[in-house]
Amino acid sequence: MEEKPFTTGSYKEFLESGRLMANRCRSCGDVHLPPRPICPRCGGRSLEWMEIQGRGTLQAFTVVHVPPIRLRGRQPYATGIVKLEGGPRISGLILDVKRGEDMNVGAEVEGVIVREEDGAKLCFRLV
């Protein structure tokens, strides 16, 4: 598909262009996000880019009231672990949620690419 190296830099370039890309090991089929140059499952080096939709299921979450410095002013905010459809588990901000009572484990989410001053980021929104 693409001839870019399997690096975080390439992943961020794809996000900037509005595409959510992961990489898949051709040997064992494991999917990685962010991409990795070597498959952590089997050690394979034969990898390929694949575009994913970013839909998934919320597996864990928390609402943060005392944020790190770079997120000051956004609190409270939610963050969670999402199991992507056909892909890995990743963590990310859950947009538009301020209270834990507003979401639950097992909730469906969709990926949203958010552009900020320091670049594009993958976040999630409840479906």
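For the chain, how big is the tail of P(r) above 19 Å, as a whole percent of Cα pairs? Write out the running numbers ahead of the final one.
Details: 4099 of 8001 pairs.
Result for the distance tail: 51 percent.
If the cut-off is 24 Å between C-alpha atoms, which lysines fall inside it for Lys12, apart from same-chain ones fewer than 8 positions away?
Lys12 reaches Lys4, Lys83, Lys121.
Quick one: compute the contact order of the chain, relative version, from alpha carbon pairs under 8 angstrom and 6+ residues apart, as a percent. Write down the numbers at each step before the final one.
On the way: 269 pairs, mean separation 27.1, N = 127.
RCO, the chain: 21 percent.
Relative to the Cα centre, what is the charge dipole magnitude of the chain, using +1 at the beta carbon of each Lys and Arg, -1 at the beta carbon of each Asp and Glu, and rounding to the nearest 20 debye? The partial results should precede the final answer.
On the way: 19 positive and 16 negative charges, 72 e Å.
Roughly 340 debye for the chain.
Give the list, by residue number, of cysteines in the chain with no other Cys Cβ closer than 4.7 Å, or say none.
Flagged as lacking a Cys partner: Cys123.
Starting with the fewest neighbours, write out Lys98, Lys4 ranked by other beta-carbon atoms found within 10 Å of each beta-carbon. Don't jump to the answer; show the numbers that get you there.
Values: Lys98 12, Lys4 15.
Ascending Cβ contact count within 10 Å gives the list Lys98, Lys4.
Fewest Cβ neighbours within 10 Å first, please rank Tyr77, Tyr11 accordingly. Let's see the in-between values first.
Numbers: Tyr77 19, Tyr11 23.
Ranked by crowding around the Cβ, least crowded first: Tyr77, Tyr11.
What FRET efficiency would be calculated for the residue pair Arg125, Ile69, taking the C-beta separation as r and a Förster radius of 25 Å, to the nearest 0.05? Can you show the working numbers first?
On the way: r = 25 Å, r/R0 = 1.00.
E(calc), rounded to 0.05, equals 0.50.
Sort Met50, Met21 by Cβ crowding within 10 Å, fewest neighbours at the top.
Working: Met50 18, Met21 21.
Least to most surrounded, the residues fall as Met50, Met21.
Each reported figure results from applying straightforward, stated rules to the coordinates on display, with no laboratory input. Not measured: the values here are computed from a predicted model. Neighbour counts are summed over all protein chains in view; Cβ atoms, including those assigned to glycine, are modelled from backbone coordinates with ideal geometry.
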